[in-house]
Amino acid sequence: MARRRIPIGQHGEIRFDRPTAQAGGSNPYRARCNVRDFDGALREVSASGPSREAARHALLEDIRLRFETASGVGADGITPDTRIRVLVDEWLEECRTRNLSTSTMRIYESSARLYIKPYMGEWLIREAKTARVDRVIKEHIAAGLDHKALRKHLNQLFDVAIRHDALATNPVDAVAEVNAKRSGGRKVKSIETAAQVAEIRAIITAWQTKDRPGPKATDDLFLFVMLLVVTGLRPGELLALRWSDVNLLAPRPYLEVTGTIKQEKGLGVYRQEYPKSESSERPVEIPGSLVAMLLERQVNQTGPNPIDAVFPSRVGSWIPYSNMRRRWVSAVAGTKYAWVTFKTFRKAVAKLLTEQYDLRTAQEQLGHASQATTETFYVGLNTEAPKVAETLEKFFKESTPSPKTG
C-alpha cells in the first residue's frame with residue numbers, strides 16, 4: 001500500500017528518541033518528523049525537551065512558526081483555529097489593497113490596535129460567537145466608545161474569515177442594533193425657509209465688516225456659505241474647488257466636483273485628487289446669482305494663488321476645513337443660528353430638491369452612491385448636472401434683503 005503523501009505545510013508522524021547524554025550533561029528527549037515545505041520538498045525537523053511531551057510541544061511550535069507567513073497566516077490560510085489577531089492583520093492587509101485614503105487606514109489601524117485586539121485578539125475564529133461579539137460591543141457602549149464604527153469594522157473583519165471558509169456566517173449580523181437615546185424627544189432643527197437664509201446672510205455680513213484687531217476679514221465665509229446653500233456640496237469639496245473646475249460661461253453654468261481637502265498629521269493640509277466616493281465626482285449647476293458672485297471674485301482676486309483655488313489662503317495655500325469652520329462658529333456665536341453646521345445646509349438642499357423634484361435628483365446633487373443614504377440621513381450617477389438651478393436661484397433670491405425705503 002502506497003504511503004500517504006504529506007500535504008504542503010503539514011508534517012508526518014512524530015518519532016521520539018533519547019540521544020546518549022554527554023559527560024556531565026542532561027539526557028533530553030528529542031522529537032522528530034518530516035515536514036513538507038512550500039517548495040514541496042520533504043525535510044526532517046527536530047526539537048528537544050526534558051520530557052516526551054515537552055519535546056513534542058516544542059517541535060509543533062517550531063513547525064507552526066516555520067509555516068507562518070510574514071502576516072502570520074499559516075500555510076493553510078485563515079482557518080477556524082486561526083487567532084483573531086492574525087485575522088485582524090489579514091483584514092488590514094486587504095484594506096491596504098483597496099486604495100483607501102491615509103486617514104481611513106489610520107482609523108482602521110487604530111480600531112484594530114485599541115478596540116479589537118485587546119478585547120478578542122486571542123480568541124480563535126471559531127470562538128467568535130454572536131453572544132461573545134455582542135458582549136464586546138456592549139462593553140464599548142458602556143464605556144462611551146464609538147460602537148457603530150466598531151460594529152462596522154468587526155463586520156468587515158469577519159467577512160474576511162467567511163471568504164477564507166473559516167466561518168459559515170458573520171457573528172455581527174445577529175448582534176442587536178443599539179440606537180442612541182434622544183434627549184427629551186427634541187425635534188431636530190433645520191433650515192427650511194428663505195427668511196432664515198436671509199438672516200444668516202446678514203449675520204455673516206455683519207461679522208465680516210466688524211472692526212477687529214489684525215487683518216481685515218475676507219469675504220470668503222459669505223461666498224462659501226452661499227455656495228453651500230445653493231449646491232449642497234460637502235465643505236471639503238467646496239474648499240478643493242479650482243477655477244479650472246468651474247465653467248461660468250456655459251449656457252448652464254456649472255462646476256465639477258473632482259477632489260476634497262484633507263488634513264492629516266505629518267502631511268498637513270492638501271488637496272486629495274478625488275472626492276469621497278466615485279459617485280461624488282459630478283457636475284453641479286450654479287444658479288445665476290452665484291455665477292455673478294463667482295465672476296466678481298475671479299476678476300478681483302488678488303494675492304498669490306499658484307494652486308488655482310477658488311478659496312486660497314492669504315499665502316496661496318489650501319484652506320483647511322477647521323479654519324473655515326472656526327470662522328463660521330465665530331460669526332454665529334451668540335445668535336439663534338449657533339446650532340447650525342455646514343452639514344445643515346446640505347440637508348436643507350436635500351429636503352428642498354426632494355420636495356420640488358424627487359429623491360433621485362437630490363441624490364445626484366449631493367453625490368450619494370444610493371438613494372437610501374439621501375433618504376435616511378438627509379431627507380446616481382448622471383453625466384449631466386441635475387437641472388435644479390432655477391429652484392435654488394429662486395430660493396436664494398428670496399433670501400436677498402429688500403432695499404430700505406423711506
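The values are calculated or read from the model by the stated rules, or taken from the named source; none is laboratory data. All values reported here derive from a predicted model rather than from experimental measurement. A quick note on method: Cβ atoms are made from the backbone with ideal geometry, for glycine too, and the neighbour counts reach across all protein chains shown. Keep in mind that these areas ignore ligands, DNA and RNA; they rest on the heavy atoms of the full protein, side chains included. Shrake-Rupley method; radii C 1.70, N 1.55, O 1.52, S 1.80 Å.
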Need the failing condition index for S322 against (1) in contact with a Pro (Cβ under 8 Å, 6 or more places away or on another chain); (2) closer than 20 Å to W207 by Cα, just the number.
(1)
Identify, please: which residue in segment 311-352 is part of a helix (DSSP H, G or I) and of a type in the set (A, V, I, L, M) and is, among those, nearest to E237 (Cα to Cα)?
M324
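With respect to A362, determine if the residue is modelled with pLDDT under 80 and either touching a helix residue (DSSP H, G or I) at 6+ places or on another chain (Cβ under 9 Å) or under 24 Å from F311 (Cα atoms) (or both).
Working: modelled with pLDDT under 80: no; either touching a helix residue (DSSP H, G or I) at 6+ places or on another chain (Cβ under 9 Å) or under 24 Å from F311 (Cα atoms) (or both): yes.
Here the answer is no, as A362 does not meet what is asked.
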Taking the stated definitions as given, is S289 open to solvent by 20 Å² or more (accessible area, probe 1.4 Å), in contact with a helix residue (DSSP H, G or I) (Cβ under 6 Å, 6 or more places away or on another chain), of a type in the set (S, T, N, Q) and more than 24 Å from H368 (Cβ to Cβ)?
yes
Residues in segment 264-273: is at least one open to solvent by less than 20 Å² (accessible area, probe 1.4 Å), among the acidic types (D, E) and in a helix (DSSP H, G or I)?
no
Residues in segment 22-42 that are at pLDDT below 90, surrounded by 11 or more Cβ atoms within 10 Å (Cβ to Cβ), within 17 Å of Q10 (Cβ to Cβ) and not hydrophobic (A, V, I, L, M, F, W, C): how many?
2
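Tell me, please, whether a residue that is outside any loop (DSSP other than H, G, I, E, B), open to solvent by 20 Å² or more (accessible area, probe 1.4 Å), closer than 30 Å to A372 by Cβ and in contact with a Leu (Cβ under 9 Å, 6 or more places away or on another chain) can be found in segment 219-233. Working first, answer last.
Step one: filter segment 219-233 for residues outside any loop (DSSP other than H, G, I, E, B), giving 220-231.
Narrowing further to those that are open to solvent by 20 Å² or more (accessible area, probe 1.4 Å): 222.
Right, trim to closer than 30 Å to A372 by Cβ and you get none.
No, that holds for no residue.
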Taking segment 366-388 and keeping only residues that are open to solvent by 40 Å² or more (accessible area, probe 1.4 Å), modelled with pLDDT under 75 and hydrophobic (A, V, I, L, M, F, W, C), one is left with F377, V379, L381
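Kindly indicate whether any position in segment 86-104 is part of a helix (DSSP H, G or I), of a type in the set (D, E, K, R), at pLDDT below 85 and on the phi < 0 side of the Ramachandran plot.
Here is the first cut: in segment 86-104, the ones part of a helix (DSSP H, G or I) are 86-96, 102-104.
Now drop any that are not of a type in the set (D, E, K, R), which leaves 89-90, 93-94, 96.
With the extra rule that they be at pLDDT below 85, the set shrinks to none.
Checked segment 86-104: no residue is part of a helix (DSSP H, G or I), of a type in the set (D, E, K, R), at pLDDT below 85 and on the phi < 0 side of the Ramachandran plot.
Results for (1) hydrophobic (A, V, I, L, M, F, W, C); (2) within 24 Å of G77 (Cβ to Cβ); (3) surrounded by 14 or more Cβ atoms within 10 Å (Cβ to Cβ), shown as yes or no for each residue.
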| site | (1), (2), (3) |
| --- | --- |
| L100 | yes, yes, no |
| A112 | yes, yes, yes |
| I137 | yes, no, yes |
| A143 | yes, no, no |
| H147 | no, no, yes |
Residue by residue through segment 206-226, note down the ones that are closer than 20 Å to I307 by Cα and not β-branched (V, I, T).
D219, D220, L221, L223, F224
Does segment 52-72 contain at least one residue that is modelled with pLDDT of 90 or more and in contact with a helix residue (DSSP H, G or I) (Cβ under 8 Å, 6 or more places away or on another chain)?
no
Pair list, Cβ < 7 Å and 6+ apart or interchain, from segment 386-401 residues that are of a type outside the set (S, T, N, Q) and assigned to a loop (DSSP other than H, G, I, E, B) to residues that are at pLDDT 80 or above and open to solvent by 30 Å² or more (accessible area, probe 1.4 Å):
V388/Y357; P401/A202
Given the conditions (1) more than 13 Å from L241 (Cα to Cα); (2) among the hydroxyl-bearing types (S, T, Y); (3) surrounded by 14 or more Cβ atoms within 10 Å (Cβ to Cβ), which single one is not true for T302?
(3)
Residue by residue through segment 234-245, note down the ones that are outside any helix (DSSP H, G or I) and either surrounded by 21 or more Cβ atoms within 10 Å (Cβ to Cβ) or at pLDDT below 95 (or both).
R234, A240, L241
